[in-house]
2 protein chains.
Amino acid sequence: MATAELAVTISDAEWRVMRIVWTLKETDSRTIIDLLEQQHDWKPATIKTLIGRLVKKGALATTKQGRQFIYTPLIPEQAAMDTALTNEISQMCAMHRGTAIAHVLEDTEMSRADVQNLIDVLAKKLPTAPESVHCDCLPDGCEGSCAE
Amino acid sequence: MATAELAVTISDAEWRVMRIVWTLKETDSRTIIDLLEQQHDWKPATIKTLIGRLVKKGALATTKQGRQFIYTPLIPEQAAMDTALTNEISQMCAMHRGTAIAHVLEDTEMSRADVQNLIDVLAKKLPTAPESVHCDCLPDGCEGSCAE
DNA sequence: AGGTTACGTTTACAGTTGTAAACTCAAGTC
DNA sequence: GACTTGAGTTTACAACTGTAAACGTAACCT
């Protein structure tokens, strides 16, 4: 069953740990602790707990290396990002998602290439985009009169 | 001090309740319970709990109306959506946000008007977009060599 | 070999969340 | 007026989170 396990849930604090490991590709706890102590007011013990939970959750793999472990990501960063964002968006009113994304885009700094890429993605969607997307906050049948 | 209180945190389950109230603008618990029982496998008691928590959190206002209450949103839907999405995005690697957003856009159905609006927003950003945005997963100083 | 380090594990503990039963009381009914 | 009904409140309880101390033990140094 391949890599799978994209169902792993990563909490906010754990996310900080994963970012370190994703960036370094593989590291030991010493490095993770040193780096995170610089970014946060976390005690080493706290960081150890987070690492432990991530291993138990199956988000990090361990490879014994002498007295310690080498940690590597078991789930790909981009997949985790996509899943987290998609979940967040999915729980919102379908009719208002576009506006929310517009606001986020305004506040998010992105490289020119990324901006251009987004424009391309959208341009491709434009022709097939529906005339309107209705509010889906009420059960099927109940017209979500979100208008106005 | 005005409306404020945008700092309120709304959990996933609570979000479902808010969507009902946001859509109806104002309702009683009976309506909320009936609608949510149709969409989920929640018992009335569960929904009552969620409503109670939202009131305590300051997300819903109550107005006594005879034996019961009329509930109205104390925080605007769009603001809640923007905040939730922005928070989610902020916790991710700055360098990879663009790609994540691209993937979400691909999977999100939006009206033609929304798509066009997003294109406009992006077109406006394009000229001032930086050549590149660096990985910010490691503490300042540590070059996040996220490349490749 | 004994002491020191330090890594990973165990235990702790309060707050939030999902889920729900039980209870209190005022309003409506007969 | 007694009885029923239903809205809101209290209590419950396990899992997940944020935060961290304490501990066991293998490796390292002298």
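Here, each number is a calculation from the coordinates, and none is a lab measurement. Computed from a predicted model, the values in this text were never measured in an experiment. With ideal geometry, Cβ positions are generated from the backbone for all residues, glycine too; neighbour counts draw on all protein chains shown.
Here are some notes:
- Spatially close lysines, pair count over chain A: Cα under 19 Å, gap of eight or more or interchain: 8
- For residue B:113, the label point sits 7 Å beyond Cα toward Cβ; its separations from the matching points on the remaining copies run 3.6 nm, from shortest to longest.
- Residue among A:73, A:44, A:127 with the largest mean-square fluctuation in a Gaussian network model of chain A, springs linking Cα atoms under 10 Å: A:127
- Residues whose placed amide H lies under 5 Å from that of residue A:60, excluding near-sequence neighbours: A:55, A:74
- For A:86, A:99, order by how many other beta-carbon atoms lie within 10 Å, fewest first: A:86, A:99
- Think of the axis that spins chain A onto B; the A residue whose C-beta lies nearest it, and the distance in whole Å, is A:88, 2.
- Position residue B:53, label points 7 Å along Cα→Cβ, spacing to each other copy in nm (shortest first, one decimal): 1.7
- Two-decimal ratio, chain B, of alpha-carbon radius of gyration to 2.2 N^0.38 Å: 1.38
- Gaussian network model of chain A, Cα within-10 Å springs - most flexible of A:21, A:55, A:115: A:115
- Straightening the chain between residue B:38 and residue B:11 buys 7.7 nm, computed as 0.36 nm per residue apart minus the Cα-Cα spacing.
- The alpha carbon radius of gyration of the protein assembly as shown, expressed as a multiple of 2.2 N^0.38 Å, is 1.13.
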